[in-house]
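Read-outs throughout are calculated quantities, based only on the coordinates presented, and are distinct from any laboratory measurement. This structure is a prediction, so every number in the text was calculated from the model and none was measured. Cβ atoms come from the backbone with ideal geometry, glycine included; neighbour counts cover every protein chain shown.
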Amino acid sequence: MPELPEVETIVRSLAPRLKAQIIRTGRYQPSRVFRGTFPPELAGVRVAEVRRYGKYVVFDLDRGVLAVHLGMTGKLLFDVPANRYTRAVWEFDEFSLSLEDIRQFGRVLWGETIPGPVAALGPDPLEINRGDFFRRATTYRTAVKALLLNQRFLRGMGNIYADELLFRARVHPERRTELIPTSVWTTLWREMNTLLAEAIQAGGSSISDYVNTAGEKGSFQLQHQVYAKKGQPCRRCGTAIQKTTLQQRGTHFCPRCQER
DNA sequence: AGTATGACCTGATGGC
DNA sequence: TGCCATCAGGTCATAC
């Protein structure tokens with residue numbers, strides 16, 4: 001479910017409440033989310049920081065690091081009753097924090113330092129400069145959308161924002177990276193920054209059921225120009241938006257504005 | 001080594 | 001109403 005702007009929104013609502021709080025209990029329902037390894041006993045351990053790392057919500061504890069990926073359907077919610085999709089509950093003095101995840105594509109990782117799979121991710125899209133973006137991008141030979149979805153290239157872009165970015169930059173999703181000129185990489189970098197900033201500003205995109213920890217929906221879906229707009233007229237040229245499949249992901253674009 | 005392809009889960013939706 | 005196929009914001013293991 002959540003991509004960078006949604007996770008950023010979640011982290012911003014989690015951090016003020018959790019910072020300096022002490023975990024009293026952690027309870028875990030056996031599920032795929034844990035990949036066979038549960039976190040150790042965390043009772044009495046203090047939360048130092050909560051931050052976003054790509055699409056992960058990272059809890060820096062006084063002892064160890066808890067990293068939560070929400071997958072497609074994961075939610076972190078305060079003070080909700082348990083249900084069949086509750087995978088983890090952390091109790092604090094004044095409130096509880098629950099992880100719900102219907103499809104179990106999310107994951108909970110623990111490490112004494114940042115867990116390996118998290119550390120292996122590429123730079124943050126909002127922190128990388130133009131030169132590094134260009135240098136990293138041009139080391140790959142693939143369809144540009146596949147590059148944007150590759151978390152080792154950059155951490156945090158997902159299907160919605162890849163499609164929206166490529167529309168803004170007027171680049172066809174299947175365009176080969178080795179054929180993209182420097183000027184277009186510059187455009188992609190610039191548009192990526194404004195797109196993600198605007199999406200964060202709007203609290204992310206709520207397509208069906210995404211909500212932040214306060215139960216509030218984001219509103220950036222109102223600003224989508226191609227995602228889930230199949231058949232609707234392009235906002236720039238009026239041509240019907242097309243939907244295809246690329247790497248088994250629904251891919252939306254304007255066939256006129258985004259030529260191969 | 002880098003890239004493409006199923007696999008993993010459950011629920012919602014749409015066509016017949 | 002029921003059944004079946006398809007789709008969904010993501011990664012991961014395996015096959016070329």
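Can you tell me which residue among A:Ala120, A:Ala197, A:Ala137 is within 13 Å of DNA strand B (Cβ to nearest atom), under 30 Å from A:Thr73 (Cα atoms) and surrounded by fewer than 17 Cβ atoms within 10 Å (Cβ to Cβ)?
On the way: A:Ala197 fails: within 13 Å of DNA strand B (Cβ to nearest atom); A:Ala137 fails: surrounded by fewer than 17 Cβ atoms within 10 Å (Cβ to Cβ).
Being within 13 Å of DNA strand B (Cβ to nearest atom), under 30 Å from A:Thr73 (Cα atoms) and surrounded by fewer than 17 Cβ atoms within 10 Å (Cβ to Cβ) holds for just one of A:Ala120, A:Ala197, A:Ala137, which is A:Ala120.
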### Query
Which pairs have Cβ atoms under 6 Å, sit 6 or more apart or on different chains, and link a residue in segment A:139-150 that is touching a residue at least 24 places away in the same chain (Cβ under 8 Å) and within 14 Å of A:Leu166 (Cβ to Cβ) to one that is within 10 Å of DNA strand B (Cβ to nearest atom) and among the hydrophobic types (A, V, I, L, M, F, W, C)?
A:Lys145/A:Leu246; A:Leu147/A:Phe153
### Task
Would you please list the contacts, defined by Cβ atoms under 6 Å and residues six or more apart or on different chains, that run from a residue in segment A:177-192 that is more than 16 Å from DNA strand C (Cβ to nearest atom) to a residue that is of a type in the set (Val, Ile, Thr)?
A:Thr177/A:Thr142; A:Thr177/A:Val144
#### Entry: Failed item, numbered, when A:Pro16 is tested on (1) in contact (Cβ under 8 Å) with a residue 12 or more places away in the chain; (2) closer than 21 Å to A:Asp79 by Cβ
(1)
### Query
Mind checking which residues of segment A:202-249 are outside any loop (DSSP other than H, G, I, E, B), under 19 Å from the mean Cα position of the chain (by Cα) and free of Cβ contacts under 8 Å to residues at least 60 places away in the same chain?
A:Gln221, A:Leu222, A:Gln223
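Restricting to segment A:19-32, what's the tally of residues that are of a type outside the set (Lys, Arg), in contact (Cβ under 8 Å) with a residue 60 or more places away in the chain and within 23 Å of A:Tyr85 (Cα to Cα)? Step through it out loud before you land on a result.
At the first step, the residues of segment A:19-32 found to be of a type outside the set (Lys, Arg) are A:20-23, A:25-26, A:28-31.
Cutting the leftovers down to in contact (Cβ under 8 Å) with a residue 60 or more places away in the chain gives us A:21-23, A:25-26, A:28, A:31.
Filter again for within 23 Å of A:Tyr85 (Cα to Cα), leaving A:23, A:25-26, A:28, A:31.
Here the count works out to 5.
Whether any residue in segment A:26-40 is outside any helix (DSSP H, G or I) and touching an Asp or Glu at 6+ places or on another chain (Cβ under 7 Å) is what I want to check. Before you say what the answer is, go through the steps one by one.
Here is the first cut: in segment A:26-40, the residues outside any helix (DSSP H, G or I) are A:26-31, A:35-40.
Right, trim to touching an Asp or Glu at 6+ places or on another chain (Cβ under 7 Å) and you get none.
No.
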